[in-house]
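Chemist: Can you read through this structure? Questions will come right after.
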Amino acid sequence: MGHADLALVGSVAKLLNEGLGTEATLAAVAETLRRGLPAAAVTVWLREQGTTAFRPVQSPPAQDPPAPVRSLDSLPPRPDWRRFPLEHEATRLGLLEARLGDGPAALDVLATVADSLALYLAAAELSTDLAGEVAAQSREIEEHRRFTSLIVDSLPLGLYVVDRDYRIQSWNRKRETGTQGLRRDDVVGRPVFEVLTRQPAAQLRAEFDRVFETGEIQQTEQEVTLGGEARFFRLSKIPMRLDGDEITHVITIGEDVTEWHRIQGQIMQSEKLAALGQLAAGVMHEINNPLATISACVAAIAGRLPPNAAAGAGSIGEYLEIIDREVDRCTRIVDGLLDFSRPKATTPKQPVSLNSLVDETLFLLKHHQRFKQFQVVRALAPDLPDTVGSAEQLIQVLMALMLNALDAMEHGGQLTVRTGPNPARSDEVVVEVQDTGVGIPRAEQTKIFEPFYTTKPPGRGTGLGLSICYGIVADHRGRIEVDSAPGRGSTFRVYLPVRP
């Protein structure tokens, strides 16, 4: 090749390195060849990405490009045109066509340019494939990261992660909407001691250091008062290793276990009351016989006294009356323990309407002198399913709860009786007895169903009423719960199964 031909090849090589884009580069190469070769006409065919079809490259690009051909072999022959396949590793990437007219056939130039174009197109396709693969992998990684993030955010647990510098690196959605309600954008990157201030910084640092040093999972429980109500959280600190054996981060998971504490308390209370019931049944049999003997002896002594010996203060007759009265009182207490330990089934259980039981109880109590001092609100749900039980015993429960409510409102107030389906379980109905009285401290709420435990002043009660109610409700396969706080009144809820 002469100097002009070498210059032409150099110009083409320079175009291939300018990064104009594949079609723009091919169009520029065709235009350069037309100018450099006398009376030349040049067409470059390019394979469409991802197909086996080819179309000619036009400069400038046409608004309506010609339809591609399925195969270059199907192109009809063109007189005086030379064709140079653009191939790389047996793969057809395009075609260079040239018509030189009457000028010299610069075949060496065209062959050299065709080889350069083949390498250029192969590199461009490889770059496109690599870019597509990188983009696909990036999308896959991002989708996986997003999926993992959604899993962490969907957990019903508060979760955050700190690094070796005690800086927060992750903060899930539950932590954003939890008790402190801090947005992750406001806490990520900050020292954990600036964000979590309920614990002393030294104590919190010691907990993290223990996990970093030992690699052991640490669990603690924390009690937090929210809105006047105590809530319990179980905190688990878990070591995390990014690379190798060194612990690089600590994951902290916070779980609200208040409900678990409540259920555990109910289970312990049920077990304790069951044990007390068994004890009461045994004590009842042991005490009844001595009481009967004492009562018989009192009657025998009274029968042997002269008529005038039964009168007057300090007389034997007065003492016998006191003994007889106290024996009766002991008998009533023993009978109450019997009712607590094994409620008497004086009537068979049958379908009963909870609303009718409430109406009947209110009717029995409406003439009570203290009832006239209070406002009574009835909120009975219509079309309530029946339950199954003893109407007499269930009325006894409702009456005891309402009388207790009156005792809690010494200076007047409002008594609300409400019925309805249990919103948490479709197979239960519930009756609520709510007062606006003094309320019950939380420490005493686990004891109020125990025999002889009472918050009333001395002489106002034996402490057996709620324990008997508990036994009756348990015998009906139901449960009784209390929701109360000092100064806010109390709500007793009795849950009973729906009639099958």
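Chemist: Which of the aspartates and glutamates could a cross-linker bridge to K14, judged by Cα under 16 Å and excluding same-chain residues fewer than eight apart?
Modeler: Correct list for K14: D5, E23, E31, D115.
Chemist: Another one. Once R0 is set to 30 Å, what does the formula 1/(1 + (r/R0)^6) return for the Cβ-Cβ distance between S315 and I287, expressed as a FRET efficiency to the nearest 0.05?
Modeler: Plugging the Cβ-Cβ distance into 1/(1 + (r/R0)^6) gives 0.60.
Chemist: Please identify every one of the trypsin sites (Lys or Arg not before Pro) in region 69-121 that sits in a loop by DSSP and has no more than 14 other beta carbons within 10 Å of its own beta carbon.
Modeler: R70
Chemist: May I pose another question? If I model a spin label at A122 and D335 as a point 7 Å from the Cα along the Cα→Cβ vector, what separation in nanometres do I get?
Modeler: With each label placed 7 Å out from Cα toward Cβ, I get 10.9 nm.
Chemist: Can you tell me how much longer the chain between E223 and I141 gets when fully stretched, taken as 0.36 nm per residue apart minus their C-alpha distance, in nm with one decimal?
Modeler: Here the segment from E223 to I141 would lengthen by 25.5 nm.
Chemist: Continuing with the same structure: By average Cβ neighbour count within 10 Å, what is the ranking of 388-401, 203-216 from highest down?
Modeler: Packing order, densest peptide first, comes out as 388-401, 203-216.
Chemist: Moving on to the next point. Relative to the Cα centre, what is the charge dipole magnitude of region 3-131, using +1 at the beta carbon of each Lys and Arg, -1 at the beta carbon of each Asp and Glu, and rounding to the nearest 20 debye?
Modeler: Result for region 3-131 is approximately 260 debye, rounded to the nearest 20.
Where a number appears in this text, it was derived from the coordinates with a stated rule and is not lab data. Since the structure is predicted, the reported quantities are computational estimates derived from the model, not experimental observations. Virtual Cβ from ideal backbone geometry, glycine too; neighbours counted across all protein chains shown.
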